[in-house]
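Computed from the coordinates by the stated procedures, all read-outs in this text should not be read as laboratory data. Keep in mind the model is a prediction, meaning the values are calculated, not measured. Note that each Cβ is placed from the backbone with ideal geometry, even for glycine, and that neighbours are counted across all protein chains shown.
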Amino acid sequence: GTSSGAGTSSGAGTSSGAGTSSGVAASTGAATPAGHGTPTTASTSRADGDPRRIGRMEGGPLPAVESGVSTGAVGRGGPAAADPPAARRQLQLRWVPQGASLSIDGVRQDTVAPSWSGELSLGTHRIVLSHPDCCETFEEAIELEAGDAALRRSIVLAPRESGWFEVDCDDADAEVWFDGTFKGTVADVNRRGGVVVAFSKGDGGRERYVKTLPFEIFSTDESGRRDRVTGQVTVRAGQRSRSEPLRIAPPREEADPLQAGGSP
């Protein structure tokens, strides 16, 4: 007889189970030729959704079945290991003069006296020391490479090129002499902002930033007599100072011969 929807093999027996399941069932085997008994066709519906059943019926190995969605575990060793901390190295800085402020990579740092110590990541770091009262700003890019010992840097800030001092004197017309050179009258010197004092990074020790200097005042009276007064002033690089008050001695008066008991 003829199987509904299945091929016929020369009058062979009907293939069992070849009925249609919602129109999508299909025979998974061929009909047995005539004279060989009932066909052993394994027909199954693909709609039952169980691949393991299909494998058993067809005699093949069980297919692999995914058992869910990964929840973040990586590989077979469990969660991924955290990245190791970035390598670091200690940096030690010292500088002169005191009072400078330090910033590293644009961040202001707390300092103890004229020094700083701390650990930074390897690589390039921008160091800035600022002392606007007396020094030029210092900037440097420091390269930190791997190493066990601390990297040490000693820094000498360059002083501002000049300082000034004004003269406090009761005689505005008195001459001001400094370092063997006539600088003008007291009035002229003060009007120009003071006597200029040069500073240099090559100056030694304290005098690189602070100098205590002598100067002279000469006053001439109407008779042409010159009185000399020596003063001293402390000048700081980049700053203006003023001397201690200087008083020119009044001119000596000639003795009156009548008051002295003499004859006219």
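Things worth noting here:
- Virtual spin-label span in nm between Arg240 and Arg225, 7 Å along Cα→Cβ: 3.6 nm
- Near the amide H of Leu246, within less than 5 Å, lie the amide hydrogens of Asp168, Cys169, Asp170, all on another chain or at least 5 residues away, with H placed in the peptide plane.
- Sites Val107 and Ala86, calculated FRET efficiency, Cβ-Cβ separation with R0 22 Å, nearest 0.05: 0.80
- Fraction of the pair-distance distribution of region 91-226 above 17 Å, Cα-Cα pairs, percent: 68 percent
- Leading residue at positive end of dipole, region 77-199 (Cβ point charges), from Ala150, Gln109, Thr137: Ala150
- Whole-Hz couplings from phi, Karplus 6.51/-1.76/1.60, listed for region 111-120; x for Gly and Pro: 10, 10, 6, x, 7, 8, 9, x, 9, 10
- FRET efficiency estimate (nearest 0.05) - Cβ-Cβ, Glu207 to Ala172, R0 41 angstrom: 0.85
- What you get for region 80-176, charging only the Cβ of Lys and Arg (+1) and of Asp and Glu (-1), is a dipole of about 1040 debye around the Cα centre.
- Each peptide among 204-216, 144-156 gets the average number of other Cβ atoms lying within 10 Å of its residues, and from highest to lowest they stand as 204-216, 144-156.
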